[in-house]
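A short worksheet on the structure shown next.
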Amino acid sequence: MFRGQYDSDVTVWSPQGRLFQVEYAMEAVGLGTACVGLKSKDFAVVVGLYKPASEMGLSQPKIIPIDQHVGICIAGITADARILGKYLRTECLTYKHSYSTSYPISRLVYNLGNKMQISTQRYDRRPHGVGLLLAGYDDSGSHMYQVMPSANVFNCKAMAIGNRSQGARTYLMKHQDTFKVCSKDELICHGIQAMSYAASIDEPLKLSIGIVGKDQPFKILSPVESMSYQKTCKPPDTPDISWFPEALKEFDSSAESAMDSAAGPSTPLTATNSQPNLSVTPKTSKNQVNNKKSS
């Protein structure tokens, strides 16, 4: 059987038990630029990667503020994300008007999942082709949720979604034990470092950063503040080099030149030392070869 016979309606199952409309929505998330979210005990941070300027005339928002205690980072179809963002804002405003307090994050995500689930059950609708990383803070602490187009919701310590996000997930998995005790600045640096694994080396790194936490309303950092963090945070596993987004594609060559300069100038030839130190030369070149292989 052809796939086209079963993908015209979200309520039609294929003989293999698949819903192709839901799978198409999941693929739309993978085509969007990467998003990274992580949390500590008191803070939650989301980092979004803008699309290259060559692909879009205007920069679409990657982070959407919802309320003073919650915001989302999106990967996928921006129009669907705006619909969900409007729904979340309405829910938060209605709850605050009725109870004079902030909407609990767990209940907000639960209602969002129910809304997205309806779109996978009715023939007159289609699934929302966008994935969300929802960062929030309430009386129970910081929260990080992943919301998928299939209406599955996951409570995460850290997560990365979008195009080429596997490298970022590997970094987050490697350092997840340290996130709980991180400060706000350290958490942002971890998000930037994780995003470096998902970014293209052919384009400068252009990030949008949002943070929320204890005594910290949800805030999207300005481009100047984001660039300041990018200059301050160093690339992973290379503590000797300052990282600039423009130099990311020249990272390997910069590392080699830094190692050469750290070795110091060569010893000048004198009458007592007229021959080069042959025992040092092979050792240095071997380290450089190993360094190239590891990079």
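Just one of (1) part of a strand (DSSP E or B); (2) without any contact (Cβ under 8 Å) to a residue 24 or more places away in the chain trips up Y137, so point out which.
With respect to (1) part of a strand (DSSP E or B); (2) without any contact (Cβ under 8 Å) to a residue 24 or more places away in the chain, Y137 is out only on (2).
In this structure, is D80 more than 23 Å from A158 (Cβ to Cβ) and open to solvent by less than 50 Å² (accessible area, probe 1.4 Å)?
Spelling it out, D80 is indeed more than 23 Å from A158 (Cβ to Cβ) and open to solvent by less than 50 Å² (accessible area, probe 1.4 Å).
Out of everything in segment 160-179 that is assigned to a helix (DSSP H, G or I) and in contact with a Leu (Cβ under 7 Å, 6 or more places away or on another chain), what residue ends up being farthest from A75 (Cα to Cα)?
If we take residues in segment 160-179 being assigned to a helix (DSSP H, G or I) and in contact with a Leu (Cβ under 7 Å, 6 or more places away or on another chain), then F179 is farthest from A75 (Cα to Cα).
Would you check which residues across segment 96-117 are surrounded by fewer than 18 Cβ atoms within 10 Å (Cβ to Cβ) and not in a loop (DSSP other than H, G, I, E, B) and list them?
K96, H97, S98, Y99, S106, R107, Y110, N111, G113, N114, K115, Q117
Within the set of pairs 6+ apart or on separate chains, which have a first residue in segment 212-234 that is over 18 Å from M144 (Cα atoms), a second that is surrounded by fewer than 17 Cβ atoms within 10 Å (Cβ to Cβ) and among the β-branched types (V, I, T), and C-beta atoms under 7 Å apart?
Every condition considered, the pairs that remain are K234/I241.
Being open to solvent by 10 Å² or more (accessible area, probe 1.4 Å) and modelled with pLDDT under 95 is the filter; apply it to segment 121-137 and report the residue that is nearest to G213 (Cα to Cα).
Going through the qualifying residues, I end up with H128.
Here are some residues: K214, K157, K184. Which one is at pLDDT 90 or above, among the charged types (D, E, K, R) and within 30 Å of Q21 (Cα to Cα)?
K157
Given the options T94, T120, T78, name the one that is of a type in the set (S, T, N, Q) and more than 20 Å from Y24 (Cα to Cα).
Result: T94 is the single residue among T94, T120, T78 that is of a type in the set (S, T, N, Q) and more than 20 Å from Y24 (Cα to Cα).
Within segment 31-46, which residues are modelled with pLDDT under 95, in contact with a helix residue (DSSP H, G or I) (Cβ under 7 Å, 6 or more places away or on another chain) and over 12 Å from H143 (Cβ atoms)?
A34
Looking at T238 and the list (1) at pLDDT 90 or above; (2) of a type in the set (V, I, T); (3) outside any strand (DSSP E or B), which single condition is not satisfied?
Every condition holds for T238 apart from (1).
Only one of (1) over 24 Å from A25 (Cα atoms); (2) open to solvent by 10 Å² or more (accessible area, probe 1.4 Å); (3) modelled with pLDDT of 95 or more fails for V70. Which number is that?
Condition not satisfied by V70: (2).
State the number of residues belonging to segment 196-233 that are of a type in the set (D, E, K, R) and in contact with a Lys or Arg (Cβ under 8 Å, 6 or more places away or on another chain).
1
Name the residue, out of E27, E91, E55, that is at pLDDT 95 or above and acidic (D, E).
Criteria check complete, one pass: E91.
The values are calculated or read from the model by the stated rules, or taken from the named source; none is laboratory data. None of the values given here were measured: they were computed from a predicted structure. Ideal geometry is used to build each Cβ from the backbone, glycine not excepted, and the neighbour counts take in all protein chains shown. Quick note on the areas: whole protein, heavy atoms, side chains included, nothing else; ligands and nucleic acids left out. Shrake-Rupley method; radii C 1.70, N 1.55, O 1.52, S 1.80 Å.
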